[in-house]
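Enquirer: Take a look at the following structure, please.
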Amino acid sequence: MTMQFEQIAQQYNPMIHRILNKLHIYKNKEDYHQVGLIALWEAYTKFDSSKGEFPPFAYAYIQGRVMNALTKDAAFSDHSVLTGEPVLFEGIDSRPTPEETTLTKTAGAHLTGRAKRWYELSIINGLTNPDIARRENVSPAAVRKWQMSAIQQLQEQFGDVK
C-alpha cells in the first residue's frame, strides 16, 4: 500500500523542521523548508525498499539537499552585494566624492579588531569576501563573521539607518 505524497509530507514535516533547526537555519526558513519538501519528494520517488528503511534514507537525502542549498546561497552572498537600489543611470561616474570618501573612512575608524580589517579590505579597497579570505588565509565563513561584526559595530555606533 503506497501513501499519497501529501500524507508523507505531513508525516515527515517534523523531520524537515528538525533538520532546519539542527543546521541553525533562521533566515529564509520557508525557502529551505520548500527545499526539504522537494528533497522528500525526490527521496520518496527514488527509494528502494530492498536497501533499507525509508526514514534514515529520507533524513540523509533532505539534509544533503538543504546543506547544498545553504552552500549555494553562501557562495552567492559572497559574490554579490544586493543594495535594493535600482540602477537608474548606467555609465555615470560612480566614484565617491571627497566628502563620501572622508565619511566612509571616518565610519571605519570606529571599528575594532577583525571588523576593522574587513572594512578596510572590503569597503575601502573594494575586495570581495572570497578575495579577503584568500588574502588573509582564512575561511569565507570567517570573513562573513568579520563582516557581520562590522555591521553590528556600525549599527551600535550610528544606529540602524534604513
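The values are calculated or read from the model by the stated rules, or taken from the named source; none is laboratory data. Just so it is clear, the structure is predicted and the values come from calculations on it, not from any experiment. Note that we place each Cβ from the backbone using ideal geometry, even for glycine, and neighbour counts take in every protein chain shown. Remember, those area values only see protein heavy atoms, side chains included, never the ligands or the DNA or RNA. Shrake-Rupley method; radii C 1.70, N 1.55, O 1.52, S 1.80 Å.
Enquirer: Would you check which residues across region 143-160 are open to solvent by less than 60 Å² (accessible area, probe 1.4 Å) and without any contact (Cβ under 8 Å) to a residue 12 or more places away in the chain and list them?
Expert: GLY159 - this is the single residue of region 143-160 that is open to solvent by less than 60 Å² (accessible area, probe 1.4 Å) and without any contact (Cβ under 8 Å) to a residue 12 or more places away in the chain.
Enquirer: A further question on this structure: Please list, ordered by first then second residue, the pairs with beta carbon atoms under 7 Å, 6 or more apart or interchain, first in region 59-73 and without any contact (Cβ under 8 Å) to a residue 24 or more places away in the chain, second among the aliphatic types (A, V, I, L, M) and surrounded by 14 or more Cβ atoms within 10 Å (Cβ to Cβ).
Expert: Correct list of pairs: TYR61/ALA39; TYR61/ALA43.
Enquirer: While we're here: Tell me, which residue of region 20-31 that is under 12 Å from LEU70 (Cα atoms) and of a type outside the set (Ser, Thr, Tyr) is most open to solvent (accessible area, probe 1.4 Å)?
Expert: Among them, the one singled out is HIS24.
Enquirer: Also, I was wondering about something else. Restricting region 102-117 to residues that are among the small types (Gly, Ala, Ser) and surrounded by 16 or more Cβ atoms within 10 Å (Cβ to Cβ), which is nearest to ILE132 (Cα to Cα)?
Expert: Among them, the one singled out is ALA115.
For every residue, the table says whether it meets (1) open to solvent by 100 Å² or more (accessible area, probe 1.4 Å); (2) within 30 Å of ARG144 (Cα to Cα); (3) aromatic (Phe, Trp, Tyr); (4) touching a residue at least 60 places away in the same chain (Cβ under 8 Å).
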position	(1), (2), (3), (4)
GLU6	yes, no, no, no
ARG18	yes, yes, no, no
HIS33	no, yes, no, no
ALA39	no, yes, no, no
